[in-house]
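S.K.: Got a structure for you, questions after.
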Amino acid sequence: MNAGNKPQILLADDEASILSTLKLFLELSGFQVITAGNGTEALDRVTHYHPDLIVLDVLMPQLDGRETLRLLRQRGDWTPVILLTQVAGTAQRIMAIDEGADDYLNKPFDPQELVVRMRAVLRRTQAGNQPLQSARRLKSHFVVLDRSARRVYLHAHEASLTPKAIALLEYLMMHPDELVTREHLLDVVWGWESGVGERVVDTRIAELRKTLGDDPTAPQFIETVPGMGYRYIAPTETVL
Amino acid sequence: MNWLHNRRYWLPILLGVLGLLLLLRVLLFDGFVLVPEDVDVVVLVTLLSTAMIVAIHMLVRISMSHLRLRSMQHLRRETLAEHRRFLSRLDHEFKNPLTTMRAGLKTLELTVLDQQQHQLVEILETETLRLSRLVTDLRKLADLETQPLNLQPVDLATFVLNVVQLERERFEAGQRMLKSQVDAAQDAWVFDEDLLALAVHNLLDNALKYSRPGDSMCLAVAAKEELTIQVSDTGIGIPPSALPQIWEELYRAHPEEKIPGSGTGLALVKAIVERHEGRINVESRLGQGTTVTVHLPSLSQD
């Protein structure tokens, strides 16, 4: 944590108008904001200021967001990163382990949603929890998710789940105890959002609940937050 | 023996057979012929060459029309691809300004505003959100063309049950009857479940939007040589003049009625069906209702 109890955020985007409006909005929302216009500049700022969180745009000239993130992780820096993605429909790649981002938002996003995501990421990392985004295997209760093999085991027996359900479970397990809206799930797991499409999320959640034997009225894993979305309430740990 | 049924082959065949008969007569019964044989030979040659010419002419015409059709299909595909490229570029150029606008408006909301200013900001936010949705929908359409399909066998009864369960509440709230029916010779069919569910939800969404309380809708799924998914309603119908355009992006058949939507729903349905190499038909009568039928061929799993 940096000066004055306010979390310090590094905001990197090549659009000056986005930088100035988002900076102002985030400052009014209680953050301290420094900005960078491209990836190289962002890396410099990180070494200089050690921000608590980085919000990184993917499409930037010279050094793009993904490359910047890769270089950052390569030098052993695990500062949490939220990627502002530009291309949809890439759920599997978006969640790739070696990418190591903590969360994703598709442009144009609801600025309020960015603040919600930022607070959740900060809460998770400041609690001193192990970073989940680089783990190959995640475990909660009797459920083990092998992220590289894309398989789920219940009590060490492999469960049959659709690829989308596995991706959904992966996102939920990596964001325990966070309220996640259907819109956001659709955005990160499916890669697109729409009023009608949101029902697709409910279908997959139902599939997960059935497989995990989770009772929606007394959930052990996935809790429905009426009118808002879902929350993964089981603890997640990394396993080797 | 397809060519036997084709009317345009009859003339050359007839001429050819006549010529062959004459040739046979000349060879076998030459001695019994009363007419001078040179006439026979002239007639024979004439008939055979006419048959040849007609046959060649037809062959050329047929192959030409094939070529024309192929180049037309190619052109259509090119135009479609160009159209999608345009959509995706449009989306790309709109994204950053929209992000700025949304951030700016939210910032304004956090500052001290009087009643009037607050109202203004709210209106601007609603409209910006609408524009964002539209851009997202258009991108989704462009993505559909390239996004890999997740082809898996899907249990049809469960598929319909899931769709109906998710829609029931909305239909009941709108006082619409929703029936469903599965008539399947086989239990499962291979398709991208999420995409097809999206298509069916979009069709039901339209049925709901373009109907009145008390109307009823039916989702019927049948699987035989092909899979047919039919969504019919007793709603307000589509004017005949609008029918050809309903699959286009941003087209609204009833612009005068203030029905919410961006006009991308049916374009999306069409794109999803086409990715599955299927066809889609619509029949509609103004004031009586609409029936949309999706036909999907059987596809093999990934």
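S.K.: Tell me whether region B:88-166 comes out rounded, prolate or oblate; compute the Cα gyration tensor, take square roots of the eigenvalues as a ≥ b ≥ c, and use a/c under 1.5 as the rounded threshold.
M.R.: Note, shape of region B:88-166 comes out oblate.
S.K.: Magnitude of the Cβ-charge dipole of chain A, K/R +1 and D/E -1, about the Cα centre, nearest 20 debye?
M.R.: Dipole of chain A, to the nearest 20 debye: 580 debye.
S.K.: How large is the charge dipole for chain B, taken about the Cα centre, if only the Cβ atoms of Lys, Arg (+1) and Asp, Glu (-1) carry charge, to the nearest 20 debye?
M.R.: Using Cβ point charges on Lys, Arg, Asp and Glu, chain B gives about 580 debye.
S.K.: If you stretched the chain out fully between B:LEU23 and B:LEU250, how much longer would it get, using 0.36 nm times the residue separation minus the C-alpha to C-alpha distance?
M.R.: The B:LEU23-B:LEU250 span can extend by a further 74.9 nm.
S.K.: Could you check the spin-label model distance between A:ASP202 and B:ILE62? Points 7 Å from the Cα along Cα→Cβ, value in nm.
M.R.: Label at A:ASP202, label at B:ILE62, 5.6 nm between them.
S.K.: Under 13 Å from a point placed 7 Å out from the Cα of B:LYS224 along the Cα-to-Cβ direction: which residues of region B:183-200 have their backbone N that close?
M.R.: So the set is B:183-186.
S.K.: Where in chain A is the longest stretch that carries no chymotrypsin sites (Phe, Trp or Tyr not before Pro) classed as loop by DSSP and with at most 16 other Cβ atoms within 10 Å?
M.R.: Answer - A:143-240.
S.K.: Extending each Cα 7 Å along its Cβ direction at B:VAL43 and B:GLN301, get the distance between those two points in nm, one decimal.
M.R.: For B:VAL43 paired with B:GLN301, the spin-label model returns 6.9 nm.
S.K.: With viscosity set to 0.890 mPa s at 25 °C, what whole-number translational diffusion coefficient in µm²/s follows for chain A from Stokes-Einstein and a Kirkwood radius over Cα pairs?
M.R.: Rounded, D is 133 µm²/s.
S.K.: Follow-up question, since we're still on this one. Taking Cα centroids, how far is region B:163-224 from region A:1-77 in Å?
M.R.: Taking the Cα centre of each part, region B:163-224 and region A:1-77 sit 46 Å apart.
S.K.: Right, another one. Compute the helix-to-body angle for A:65-74: its Cα long axis versus the longest principal axis of chain A, expressed 0 to 90° and rounded to tens.
M.R.: 80
S.K.: Report the equivalent ellipsoid semi-axes for region B:1-147 in whole Å, largest first, defined as the square roots of five times the eigenvalues of the gyration tensor built from alpha carbon atoms.
M.R.: 81, 11, 10
S.K.: If you don't mind, there's one more thing I want to ask. If you take every DSSP beta bridge whose two residues both sit in chain A, what share of them, in percent to the nearest 5, is antiparallel?
M.R.: About 55 percent, rounded to the nearest 5.
S.K.: Tell me, what is the FRET efficiency for A:HIS141 and B:HIS74 to the nearest 0.05, using R0 = 45 angstrom and their Cβ-Cβ distance as r?
M.R.: The calculated FRET efficiency here is 0.20.
S.K.: Still on this structure, please answer the following. Test of understanding: ordering B:HIS276, A:HIS157, B:HIS57 by Cβ neighbours within 10 Å, fewest first, what list do you get?
M.R.: Lowest to highest Cβ neighbour count: A:HIS157, B:HIS57, B:HIS276.
S.K.: Let me ask something else about it. For region B:151-296, max minus min Cα coordinate along each principal axis, in Å, sorted largest first?
M.R.: Sorted largest first, the three principal extents are 43, 30, 23 Å.
S.K.: Could you work out the mean count of beta carbons from other protein chains within 10 Å of each residue's beta carbon in A:112-123?
M.R.: The shielding value for this peptide is 1.
S.K.: While we're looking at this one, here's another question. Could you give P(r) for chain B, binned at 10 Å from zero, as whole percent values over all Cα-Cα pairs?
M.R.: Final binned percentages: 5, 18, 21, 18, 12, 9, 7, 5, 3, 1, 1, 0.
S.K.: Report, as an integer, the average count of C-beta atoms from other chains found within 10 Å of each Cβ along B:131-141.
M.R.: 4
S.K.: Run lengths n ≥ 4 of DSSP H only: what is the helix-derived mean residue ellipticity at 222 nm for the protein assembly as shown, with -39500 (n - 2.57) per run over all residues, to the nearest 500?
M.R.: That comes out to -16000 deg cm²/dmol.
S.K.: Okay, next question. Quick one: order A:SER160, B:SER49 by neighbouring beta-carbon count within 10 Å, fewest to most.
M.R.: Neighbour counts put them in this order, fewest first: A:SER160, B:SER49.
S.K.: Order these by the 10 Å Cβ neighbour count, fewest first: B:ILE56, B:ILE13, B:ILE280.
M.R.: B:ILE56, B:ILE13, B:ILE280
S.K.: How many percent of the alpha carbon pairs in region B:121-196 exceed a separation of 17 Å?
M.R.: Cα-Cα pairs in region B:121-196 separated by more than 17 Å: 66 percent.
S.K.: Suppose a student asked you for the relative contact order of region A:3-126, using Cα pairs under 8 Å spaced at least 6 residues apart; what percent would you report?
M.R.: 22
S.K.: Can I ask one more? Could you compute Rg(Cα) / (2.2 N^0.38 Å) for region A:198-240, with N its residue count?
M.R.: Cα-based Rg divided by the globular estimate yields 1.23.
S.K.: Longest span of chain B, sites excluded, free of GluC sites (Glu not before Pro) in DSSP loop with at most 15 other C-beta atoms within 10 Å?
M.R.: In chain B, the maximal stretch lacking such sites is B:1-224.
S.K.: Going through the cross-link list A:LYS164/B:LYS270; B:LYS95/B:LYS179; A:LYS107/A:LYS210; B:LYS179/B:LYS270; A:LYS210/B:LYS179, which pairs have a Cα-Cα distance over 29 Å in this structure?
M.R.: Flagged as over cut-off: B:LYS95/B:LYS179; A:LYS107/A:LYS210.
S.K.: Where does region A:3-126 land on Rg(C-alpha)/(2.2 N^0.38 Å)?
M.R.: 0.96
S.K.: Go ahead and run the numbers for FRET between A:THR40 and B:LYS209, Cβ-Cβ distance against an R0 of 60 Å, rounding to 0.05.
M.R.: It comes out at approximately 0.75.
S.K.: May I ask for the Rg/Rh ratio of region A:137-239, computed from Cα atoms with Rh as the Kirkwood radius, given to two decimals?
M.R.: A ratio of 0.93.
S.K.: Scan chain B and hand back the longest stretch that contains none of the trypsin sites (Lys or Arg not before Pro) lying in DSSP loops with at most 11 other Cβ atoms within 10 Å.
M.R.: Answer from the scan: B:1-223.
S.K.: I would also like to ask the following. Name the residue, out of B:ILE246, B:ILE123, B:ILE229, whose mean-square fluctuation peaks in a Gaussian network model built on chain B with Cα pairs under 10 Å.
M.R.: Among B:ILE246, B:ILE123, B:ILE229, the largest mean-square fluctuation in the Gaussian network model of chain B belongs to B:ILE123.
S.K.: Right, next: Relative to the compact globular guide of 2.2 N^0.38 Å, what is the alpha carbon radius of gyration of the protein assembly as shown, as a ratio?
M.R.: In units of the globular-protein estimate, the protein assembly as shown measures up at 1.31.
Values in this text are rule-based calculations from the coordinates and carry no lab data. Every value quoted in this text rests on a predicted model; they were computed, and no experiment measured them. Neighbour counts are summed over all protein chains in view; Cβ atoms, including those assigned to glycine, are modelled from backbone coordinates with ideal geometry.
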